1. Run the quick spin-label model on B:Arg279 and B:Val14: label points 7 Å from Cα toward the beta carbon, then report their separation in nm to one decimal.
2. Output the Cα-based Rg and Dmax of region A:28-268 in Å, rounding Rg to one decimal and Dmax to a whole number.
3. Keeping the other protein chains in place, figure out the carbon and sulfur percent of the accessible area of the protein assembly as shown, with a 1.4 Å probe.
4. Taking only protein heavy atoms into account and a 1.4 Å probe, give the accessible area per residue of region A:28-268 in Å².
5. Greater than 21 Å separation of Cα atoms is the criterion. Which listed pairs, B:Lys137/B:Lys333; B:Lys145/B:Lys241; B:Lys103/B:Lys145; B:Lys137/B:Lys264; B:Lys264/B:Lys333, meet it?
6. Gain in length, A:Glu231 to A:Arg218, computed as 0.36 nm per residue apart minus the alpha-carbon separation, to one decimal in nm?
7. Nearest 100 Å² is fine: what is the total accessible surface buried where chains B and A meet, probe 1.4 Å?
8. Would you mind computing the Rg to Rh ratio of region A:200-278 from its alpha-carbon coordinates, Kirkwood style for Rh?
Amino acid sequence: MRCCLLSLLVLMSSAAFAAVERGGHGGGHGAAVHARESATPSWTRAPLLLAGARMGRTAVWIEAHNIAAEAITVIAPDTRLNAEQVAVIDGRGRVEPLREDVGAHHLLFAREQADGRIVSAASWWNFPTPGTSPREVLGRVRGGLELMPVDLPDRGPYREGTRHGFVLRMDGAPLAGVRVVLESSQGSRVVFHSDAAGVIDVLLPRDFDPAQVDREGRQARADFVLFARIERDGVEHLSAFNGPYGPDPMRQRDLSGGVAFMLLGMALAVPLLRSRRG
Amino acid sequence: MAATLTLSRVRTVVQLVMLFLTVWGANILGPYTADKITTRLPALSCAYDQHNGGYCVLVPLQHQMKHRVGEAIVKAQAVTFQIVLPLVFTMASFLLFFLILGKAFCGWVCPLGTVQEWINRLGRRFGLPMHRLASDKVGRVRPLKWLILLALVFLLPLLAGLGVAPHGLGNPYCDVCPSRIVTTLLTANTDELALRTHDGLALALGALANTLMGFVIIGALAIRQPFCRICPMLALNGAFKHLSLTRLDKREHSKCESCGVCAKACPMDIPEIHLRHGRQAYHDDCTLCGRCAEFCPDDDVIRIRFAPLTLFRSSREYYRRRIAAEMPDGQVKPVRLVRKPAGGDAS
């Protein structure tokens, strides 16, 4: 049997060098968010950084909406790498890992400063190449009004109906009692308020259309944006964080059926407990 | 103190630590994949459990067969090292871990192995019947783990990547693995126990997985390590067992033929540990739990070695202490509530 295994491994290695002309679905595995084609979002007026077309496993177009940013700042999870800026041309910028061998969660920022108004947008892209944890870059203070998640989803997008912590800071100091609004591409609008530590406990709305979930399954995606607005010294600050979220996996699962089959398996094993043999 | 320190107790402590690490480890290490010890662990440390400290190697193997090898062949693009290297890298990482601990990953680290073992101890405590597999039945069961490894870990994901098999067969082993359900249930997450109802194939695989899991949980009360016997990780570890520095060693001894206690002690019912010696005694099914060495009543016959070092060796003295608490087949002796008077019997 071991010979079979080794033969199969050799066969597969050989097969990899064979050319078979067939079509198939491509795309790297492991990226957290699902890239979609661009569309002007009508569901919010808050600034957004949305994932657009994806180029293999190592590059993605990020589209800036509702913000006139000249560049997108890309921050790798590995803090030894310096942040880089990607030019925004025709409303989008091509984002790649800062180093080919360091993937995982890359934070994305865009900023617009006009007379009496500072607008910032933040999001992330998860490259499938392994990398380091984003906790350190998430906790870093970058100045101005910041609305950042405490943690990002490890794999895949956020999920509807789940709770996540976000932190609202102004020049590093937590902001308490500030109104924070969540809007989703499914049409939800929820208002939260930051607590004394500047933390907002966000419950992502369960607002997926069941027909969409039936049609697209686990791959169904929507977007949310969380934003806050304050005024300081006559300057209006608007900060937003957006990302994709998917349906609750339990929408297409049946717990009672699962328990029933587990009990069936248990029942099949019960005769083993009755008699003593061998 | 020395009287209470047995290899089994050391293993129990290691299993406890490893169970925590492989089921809840992320609570210490951090929530991201990047925080994990590895994503290529030679034990069924399930990637569906978001709280664990390291992932099972079977996950990247299936994914790479489907998404890299299969899809790369389909695309018929220029073949580069980008296709083969990830698979080689996964196997190399696995082998690096394996080089050190070898098959001890099964007997000391695997969370499902630990759960089954403890369920069986529960069965012994409650005096439930115990079933051992006879040599002829062991021979019939053994090929299953190889078939599962070949079919569910390598072949079906590759065929799914090629577009020949349905997309839903991308990680068929994970879909039926009881460790996926058991370890997530240990974190109070019922998502994996629930059946996926969006397509017939997912439903069928889920139903099979749950039935298998239910069978294993109850079956483990009466059979030692029921799932381990068909586990593809046991096969994968078995395929490379001689590459590891940690191994089992048995020398020929005149009493062995008439003894056979080692085979009774073996939770995998491996007759070769009794009938053979040298390299042949260290069978593919061995999980390096060390029970055969613990219950061997003769000095230096069975040893667990790390390279030239002997980590544990059988001894008559150790056997006497061990047998005082537990029979070789796992039957526990009644707990003695009244301490014997010093100096032995008064009579």
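1. It is 2.4 nm.
2. 18.9, 74
3. 58
4. On the way: 10770 Å² over 241 residues.
Accessible area per residue, region A:28-268: 45 Å².
5. Working: B:Lys137/B:Lys333 28 Å; B:Lys145/B:Lys241 15 Å; B:Lys103/B:Lys145 15 Å; B:Lys137/B:Lys264 15 Å; B:Lys264/B:Lys333 16 Å.
Flagged as over cut-off: B:Lys137/B:Lys333.
6. Working: separation 13, 0.36 × 13 = 4.68 nm, distance 4.05 nm.
Net length gain for the segment: 0.6 nm.
7. 5300
8. Numbers: Rg = 24.4 Å, Rh = 17.6 Å.
Ratio of gyration radius to Kirkwood radius: 1.38.
The values are calculated or read from the model by the stated rules, or taken from the named source; none is laboratory data. Model, not experiment: these values are computed from the prediction. All Cβ positions, glycine included, derive from the backbone under ideal geometry; neighbour counts span all protein chains shown. The accessibility values were calculated without ligands, DNA or RNA, using every heavy atom of the protein model including side chains. Shrake-Rupley method; radii C 1.70, N 1.55, O 1.52, S 1.80 Å.
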